[in-house]
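Data first, discussion second: the structure below is written as structure tokens.
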Amino acid sequence: MTHTKLYTAIFAVLFVSATIQVLVEFAELAYWTAFGIIIALSAFKAVLVAAYFQHLRFEPRSLTYVILIGLAAALALTLAASYSIL
């Protein structure tokens with residue numbers, strides 16, 4: 001029963017953060033401000049999903065560090081791609 005409450009709470013957090021991302025898109029903020037907010041929310045959601053739904057929270061820390069390095073690389077590539085667009 002505890003897992004059901006935990007996963008429901010995670011679903012609610014993911015739903016709210018996705019809703020915030022959509023609202024940021026329509027808020028007509030400056031490009032880099034909106035980009036930063038969306039990237040931060042996306043990273044938060046990715047970590048949350050990986051930690052609980054992919055069970056990384058219960059894995060050895062070394063595996064978590066490998067995943068974090070991959071996340072940092074993906075963020076760096078995204079920033080590089082967005083810089084080339086401008």
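Brief remarks follow.
- Against the test of being touching a residue at least 12 places away in the same chain (Cβ under 8 Å), open to solvent by less than 50 Å² (accessible area, probe 1.4 Å) and out of contact with any Phe, Trp or Tyr (no Cβ under 9 Å at 6 or more places or on another chain), the options Leu48, Leu71, Leu56 yield a single qualifying residue, Leu48.
- Qualifying residue in the stretch 61-68 (condition: open to solvent by 90 Å² or more (accessible area, probe 1.4 Å), at pLDDT 90 or above and either assigned to a helix (DSSP H, G or I) or aromatic (Phe, Trp, Tyr) (or both)): no
- Single residue of Phe26, Phe15, Phe44, Phe11 found to be of a type in the set (Phe, Trp, Tyr) and in contact with a helix residue (DSSP H, G or I) (Cβ under 9 Å, 6 or more places away or on another chain): Phe44
- Leading residue by the ranking (nearest to the chain's Cα centre (by Cα)) among those in the stretch 27-45 that are within 25 Å of Ile10 (Cα to Cα), surrounded by fewer than 15 Cβ atoms within 10 Å (Cβ to Cβ) and without any contact (Cβ under 8 Å) to a residue 24 or more places away in the chain: Ala40
The values are calculated or read from the model by the stated rules, or taken from the named source; none is laboratory data. The structure presented is a predicted model; accordingly, all values stated were derived computationally and were not measured. A quick note on method: Cβ atoms are made from the backbone with ideal geometry, for glycine too, and the neighbour counts reach across all protein chains shown. Quick note on the areas: whole protein, heavy atoms, side chains included, nothing else; ligands and nucleic acids left out. Shrake-Rupley method; radii C 1.70, N 1.55, O 1.52, S 1.80 Å.
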